Every structure is written in C-alpha cells, then in structure tokens.
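Here is the structure we will look at, set down as structure tokens.
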2 protein chains.
Amino acid sequence: MHQTPAPFTAPEYDRRLSLTRAAMTEQGLDVLFVEDPSNMAWLTGYDGWSFYVHQGVIVTHDREPVWWGRNIDTNGARRTAWLSEDSLRPYDDQYVQSTTRHPMQHLAALLKEMGFENARVGVEMENYYFSAKAYVTLLAELPGAQILDATALVNWQRAVKSPEEIVFMRKAARIAEKMVDGAIERTRPGLRKNELVAEIYRDALTGVGDDWGDYPALVPMCPSGADSSAPHLTWDGNALAAQQCTFFELAGVYRRYHVPFCRTVYLGTPPDDMKRAEAALVEGLEAGLEAARAGNRAADIANALAGPLERAGIERGARCGYSIGLSYPPDWGERTISLRSEDETVLRPGMTFHFMPGLWAPNWGLEITESLLITEDGPAETFCDRPRQMFVKP
Amino acid sequence: MHQTPAPFTAPEYDRRLSLTRAAMTEQGLDVLFVEDPSNMAWLTGYDGWSFYVHQGVIVTHDREPVWWGRNIDTNGARRTAWLSEDSLRPYDDQYVQSTTRHPMQHLAALLKEMGFENARVGVEMENYYFSAKAYVTLLAELPGAQILDATALVNWQRAVKSPEEIVFMRKAARIAEKMVDGAIERTRPGLRKNELVAEIYRDALTGVGDDWGDYPALVPMCPSGADSSAPHLTWDGNALAAQQCTFFELAGVYRRYHVPFCRTVYLGTPPDDMKRAEAALVEGLEAGLEAARAGNRAADIANALAGPLERAGIERGARCGYSIGLSYPPDWGERTISLRSEDETVLRPGMTFHFMPGLWAPNWGLEITESLLITEDGPAETFCDRPRQMFVKP
C-alpha cells in the first residue's frame, strides 16, 4: 500500500474547498481550472512528479473536484487523491508533447461536457505550468466562455495554516534542524561540495524517526567563497577551502510541506565587514520577529529589519521573505505575501513565512534565516531552534 | 573559483548560436526570447536555480546574446555564462512576484531599447517558464511588434549532439550505471524506501572519480508493488516487502546532461504475466535498438518495439521514448522528438534518446530502458552497459 491516500482528514479538505469556492464566488467564477501542482495537492491530495505534462483540478460550485491529467497518471491519482473514480478524467497519450495536438483541446471538450461552454472560467495566468500556448488554445476552443485571470486564487487560501498543516510543518522543522546541524558539522577544508550535498540529502530524506523526508522544491544551495555572492548557484565538485564562507539554503520537507532554514559557516577568520553584517543582520532578524505579530502588516517585518541594516550601512533591495507551506518545484514559496515595504497584507495567526534577508556582497554571502509562525498574540514563533549566528570553524 | 565558467569551448557555443540564428531566419524572426532554462544554458552556459522567477536570453542576428534576469542573479550569470558584462541586463526586485508589476514590462522596455519595438519577436509559447501572463503582458507592452510562436526552436537545434556533448553524456552514463547498480544491490525486504532513495542520491552526487554528479531534472522514481502501476509516484517511508517489484527510474547527470536508465527488481518470485512481459519487452527493446539507425525514422523504433509486445498481447498506448541531453526540472526530455508511430523525424548520427517502454499493469510496473546514441552506421549504441533484464532477488 502507498502511504495513506491523501494525508489530511476529510474535514480539512472540506475546509479548503469551501475557502476556494468562496473566493470563486467573490470573483464571479463558475469554474476554476487549477494547474499549479501545489494547489492540486492542497485541494485533492494528488501527489506525483507528473507536472511536466499538462494536468489540473477542475473546481466547481456543486460537485467534487475533477482530476484531469495524462492517462498513465490516473493510477497515481487513484492512489493519492481522495477523489472518487468518476472524478478522474484522463486524456490520451497522443496529446503529450505533440506538435499537432494540445491537451487543452481535451480539457475544453471536458469543460463543455460539464456545462461550462459559456461560463466564466478562472485560470492561473501566472503559473509555471499553465503555458502561454495552453491559454491561447483554451481561448480558441472555448469561444463562448470568458477565460479570466485567477492567478493565486487558491494560493491565497493557503496562507493561513490549519492545525493539521502546522503539525506537518513542525515535522519538517525537525528535519531542517537535522540538515543544518549536519551541514555545519561536516563543513571542513578539503571536503568536496558534491559529497557534502550528498550528506545533506541523506539527512533530508532519512528524516527524523518515523517522519521520512520528502524532496525539496529547490535543491540544496550552498555556494562557497565568491560563488556565495550569487544566491542561486548549485553545487560543483570543488573542495571547500579555508578562509571561505559557505551558506546553506536548505529546507526540511515533510510530505511536501517545507520549512526552509539557512545558516552560514566560515572556515577561518571572517572579514570585519562580514562580522559587522552578521551583527546587523541578527539584530534585524530579532526586530523583525518582534514585529511579526497578528494585526501588523507584512511590511512591518521588512521595515523592522531595515533599521539595523541601514544603521550598518547595508542597503538591501530584495524582498526579505515570503509565505511558505506546501510546495512543488521550482519554488518553495507560496507566491502570495512577500515581506517587503510595499506589502500591506495584515498578518493573521497561522500564517507562516520564511524570513529570509540574505546578504550577498561581492566576495561573500551571508544567510541567517528563520521560518516563522504568526501566533495569536506576541511575537512570531520560529519553527527551528538553533543559534542565530554565523558559525565560525577553524 | 566556481567550476569553469561555461563548460564548453567557444567554437561549441558559436556552433549553437549559428544553428539558432539559421532557424530564426527560417522563421523570419528578428529576435528570439528564450525563457527555457535548458535553452538558456545551452546557448550561454548560464547555470543556476533561478528559473522560478522570469529570466531569459535574448538572441539577435548581430550581437552577443543578452542575459536578462533578476538583479540578485546577475552574479550567477557573471560566474557561469560566457557573456560580457554589457550583455547582462538585470531587472529590479520590485518586479518579483508582484501583484502590480510584471517582469515582462521590463523586458519589453529592454527590447524597445534594443530596437525591436516593431520587430518580429519569437517566444516559447509552450514552455514551463513563459507563463500565459508573461505572454499577454508582452503583447500589451509591445503593440507594434509581432509576437510569434517559436516553441522549441532552440530545442530542435539541440537534437544532434556535438562530440563535446557526447563526452558529457558518457560521463553521465557512468554515474547512471553506478546508481542502478547500487539500487539493485541495496533492494531488500525491510529497507525503508526513503533510506534507499538517500543512497541513490549519494551515488548520483558523489559521481564517478572526478566527475561529480549534478541534480536530476526529475527526482528518483522507484515505487513498489501496486504503487508501481503509477509511473510518477515519488517515495514514502514504507519498508520494501517480499513478493513485490520495485522499478528504478533514474538518470545519471553530469553538468546538466542526463542519461536516464531504468531497471526493475523483484523480491521473490515474479508472477508469470510479469515474466512474459519481461521477455517481450527485452525482445522489443532489442528490435528497437536494431531499428535505431541513421536514416530511419523515430517511428521505426516505436514500431519495432510494438511487434514483440503485440505478439505477447500487450497494448501500450504511451510513447516509448524521447530526445535527451541537457535539462532542468521538471523534465529531462528535450520535448522535440518522441518515439511513437506518428513521429516521422529522420534519425541522424549524434541524436540521443531515452528508449523508455515502461509497462504499467494494475499490480506491477516494469521498466527496463536504454539511453541510446544514433551512430554513423549500424544499430544504436547504448550509453549504459548492464544486463537488459528484470533483476530477481530472494
């Protein structure tokens, strides 16, 4: 048997569907087509690495959601989603990566069959998996329908986590701590980077106790020295060297729920500018956590961070965090709330963020971050519990 | 220092650019915007996990390609691409996942500045990373331009591999063999699946000798028992059990070049229908490899496979393979040539395919596959050299 089909309770899925339908009503949508694999999984439990072909979930107001996907993935839907057999609607393999047919032709026919030929149809216009071609094909195939932008409609419903989801994220946090502990401990001059990453994967996947580790939506990022000036370089086969920093941008993952957690190791004696940056960053993180309270805005966290950084002469253009939870590649953020001065979203209990004010100087990168939970009252709770510092090793 | 910036020689990149420009001329394009990270890397060497935000390469007829991306990723471009400083054109972080701004507004302004306000602009309409919203934004921002579908224009230039690329794929093949050997050896009743996958990652990343392993564009897939009826389920924490099959869908990866390689292990005594399927599949694979000759068509491989399978009463709807090479998540195929009866593409020396006729029955899955190289004459060469069979263990 596969791990329980769909990892959450029926009331939890009901809650999600109700929230989604309410948002559909607010936008005047008759039907919503969800291609984002994170939204598909959040609504139905569907879990598989099949998002490299077109697939999706069709949400209506009056019936169970419909899983639509490639024929050979129907068994995967049977084994992971809570949907009944007549809610699985596969398309034939001839539509896959064809130059003459497009899966959206099949989807359009299905939407017509379901009575949505002239409906108000929501689609995720800004999403990795709903391509430009998918959009123009759907437009052509459903000339009587209104195809409307419902980007992140479901993502926004995911922002406040339920108690069941928080349980998953706490498990992910234990895995994240284990990964960071292992990375810090193993970092030493002479160790090849690819071998270090192999150990990080081992910690990630073996997990903690019965809680096995799932794959992260981004691979481990841990560039060293001047490479660490570039936040998104992946590994190579070079050996770690003395007098270099290495930052570890990692996430523990439990059943697709991510808790990112970053720390930096310096082998040798860090330069003064890096130590000054560390002090300002830690002060800024603490100020941000204090500001991360229900009723405050996302911007308040960013602004609290900015004070100590500015006093240290550090200008940081990039946003300093984002909403987190369930995710599939290529991003572990939820792509809704950003921690930045222009984001006025009011913080609510159960919201979860990666507070991620990475600093990338020309010759080093410094990442000390926290994943946090907005609580009923008081400052945010951090998911992980490790010293908030740069780790210096000889 | 990061591993050599851009892994190939200058003449190799010249070759790629010339092929791309010739295809642009054939389609009457003044400029091509490439968002597919595989195409970006193939043209410029750029390598980073930054494709979760909009980025791309602008190819023109008369100047060096331009890397365009998020500001914080510019250092990554400096360190991995062969481009000169004035060919790096970043956009500000305020465009990232914003609800009020879109990066395509910045790209449109750049294209205007480059003189393409009224040009014929090619874009990759069917691609994971060029969203529907990106398309409509570009349309609105460049009303005088013609935005034309150049899906897979670059992908098709990648189909025939150069000798330099074949060297990379042979390295990837050694890593793939090591991964499959390790998986077969370790498979035993009682071992938790996530722990087995941790070992597979270790083999993948440690690589072979100096050839360090890169991350695969798909995570390892290795479902067991009835789960193996679903080709794209990922792992869980359950223990392997006796009287079950497990297939391993893996790829060795050397600097983004993939050689996929699949084998199946049965713990115990395989059922008769599975053994019959194995025999037919191996016969079909061998017939397909014989047919995989320069001058034949992609369809000939699929048709050669179909004979033995049909004689065994096995109907297989899905395509049986695809072009492979350089890739980024979420797919390790090149999304051009498919091995299926309707694909008339003529095979040429240097083309590389994953010949992948997976069989998924209600209670088992059987994957025995080969990655192959079309040679000057004679049947295809397989990249890996391991017994073409199901492995039965007690």
From the option list B:Thr100, B:Thr74, single residue qualifying as β-branched (Val, Ile, Thr) and open to solvent by 60 Å² or more (accessible area, probe 1.4 Å) is B:Thr100
(1) basic (Lys, Arg); (2) without any contact (Cβ under 8 Å) to a residue 24 or more places away in the chain; (3) under 23 Å from B:Ile72 (Cβ atoms) all hold for A:Arg202 apart from (3)
For B:Ser228, the lone unmet condition from (1) within 18 Å of the chain's Cα centre (by Cα); (2) at pLDDT below 95 is (1)
Worksheet item: Looking at this structure, is A:Glu315 away from chain B (no Cβ under 11 Å) and either open to solvent by 30 Å² or more (accessible area, probe 1.4 Å) or not in a strand (DSSP E or B) (or both)?
Response: yes
- Query: Taking the condition buried (at least 19 other Cβ atoms within 10 Å of the Cβ), in contact (Cβ under 8 Å) with a residue 40 or more places away in the chain, in contact with a strand residue (DSSP E or B) (Cβ under 6 Å, 6 or more places away or on another chain) and more than 14 Å from every other protein chain (Cβ to nearest Cβ), does A:Lys171 pass?
  - Reply: no
Scanning segment A:187-215 residue by residue, those surrounded by fewer than 20 Cβ atoms within 10 Å (Cβ to Cβ) and in contact with a Leu (Cβ under 6 Å, 6 or more places away or on another chain) turn out to be A:Pro189, A:Leu191
With the structure loaded, tell me whether A:Val160 is farther than 30 Å from B:Trp212 by Cα, open to solvent by 10 Å² or more (accessible area, probe 1.4 Å) and away from chain B (no Cβ under 14 Å) or whether it fails that test. yes
Of the listed residues (B:Asp236, B:Asp214), the one being within 30 Å of A:Ala239 (Cα to Cα) and either more than 7 Å from every other protein chain (Cβ to nearest Cβ) or in contact (Cβ under 8 Å) with a residue 24 or more places away in the chain (or both) is B:Asp214
Evaluate segment A:31-43: report whether one residue or more is within 14 Å of chain B (Cβ to nearest Cβ) and open to solvent by 20 Å² or more (accessible area, probe 1.4 Å). no
The residue from A:Ala292, A:Ala361 that alone is modelled with pLDDT under 95 and of a type in the set (Gly, Ala, Ser) is A:Ala361
Pairing a residue in segment B:74-85 that is closer than 10 Å to B:Asp47 by Cα and facing another protein chain (nearest Cβ under 8 Å) with any residue that is of a type in the set (Lys, Arg) and open to solvent by 10 Å² or more (accessible area, probe 1.4 Å), where Cβ atoms lie under 7 Å and the two sit 6 or more apart in sequence or on different chains, gives none
A:Arg188 passes all but one of the listed conditions (1) part of a helix (DSSP H, G or I); (2) more than 30 Å from A:Val59 (Cα to Cα); the exception is number (1)
Next on the checklist: Residue under question is B:Arg348, and the condition is that it be within 30 Å of B:Pro37 (Cα to Cα) and surrounded by fewer than 21 Cβ atoms within 10 Å (Cβ to Cβ); does it hold?
Outcome noted: yes
Test A:Pro270 against the stated conditions and say whether it is assigned to a loop (DSSP other than H, G, I, E, B), of a type outside the set (A, V, I, L, M, F, W, C) and open to solvent by less than 10 Å² (accessible area, probe 1.4 Å). no
Taking segment B:328-372 and keeping only residues that are part of a strand (DSSP E or B), under 15 Å from the mean Cα position of the chain (by Cα) and in contact (Cβ under 8 Å) with a residue 60 or more places away in the chain, one is left with B:Glu334, B:Arg335, B:Thr336, B:Ile337, B:Met351, B:Thr352, B:Phe353, B:His354, B:Phe355, B:Glu370, B:Ser371, B:Leu372
Filter segment A:180-199 for residues that are in contact (Cβ under 8 Å) with a residue 60 or more places away in the chain and β-branched (Val, Ile, Thr); the one that is farthest from the other protein chains (Cβ to nearest Cβ) is A:Ile184
Taking segment A:219-267 and keeping only residues that are assigned to a strand (DSSP E or B), farther than 30 Å from A:Val167 by Cβ and of a type in the set (Val, Ile, Thr), one is left with A:Thr246, A:Val265
Taking segment B:118-149 and keeping only residues that are within 13 Å of chain A (Cβ to nearest Cβ) and part of a loop (DSSP other than H, G, I, E, B), one is left with B:Glu124, B:Met125, B:Glu126, B:Asn127, B:Tyr128, B:Tyr129, B:Phe130
For segment B:130-146, pairs from a residue that is under 9 Å from B:Glu117 (Cα atoms) to a residue that is outside any helix (DSSP H, G or I) and polar (S, T, N, Q), with Cβ under 8 Å and 6 or more apart or across chains, are B:Gly144/B:Asn118; B:Ala145/B:Asn118
If we keep only residues of segment A:220-233 that are more than 7 Å from chain B (Cβ to nearest Cβ) and within 12 Å of A:Gly365 (Cα to Cα), then the residue surrounded by the most Cβ atoms within 10 Å (Cβ to Cβ) is A:Pro223
When restricted to A:Ala318, A:Ala306, A:Ala312, A:Ala380, the only residue out of contact with any His (no Cβ under 9 Å at 6 or more places or on another chain), in the same structural domain as A:Met169 (by TED's automatic domain parsing) and within 23 Å of A:Glu165 (Cβ to Cβ) is A:Ala380
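The values are calculated or read from the model by the stated rules, or taken from the named source; none is laboratory data. Only a predicted model underlies this, so the values are computations on that prediction, with no experimental measurement involved. Using ideal geometry, Cβ is built from the backbone for each residue, glycine included, and neighbour counts are taken over all protein chains shown. Side chains are part of the model used for accessible areas, which takes the heavy atoms of the whole protein and leaves out ligands, DNA and RNA. Shrake-Rupley method; radii C 1.70, N 1.55, O 1.52, S 1.80 Å.
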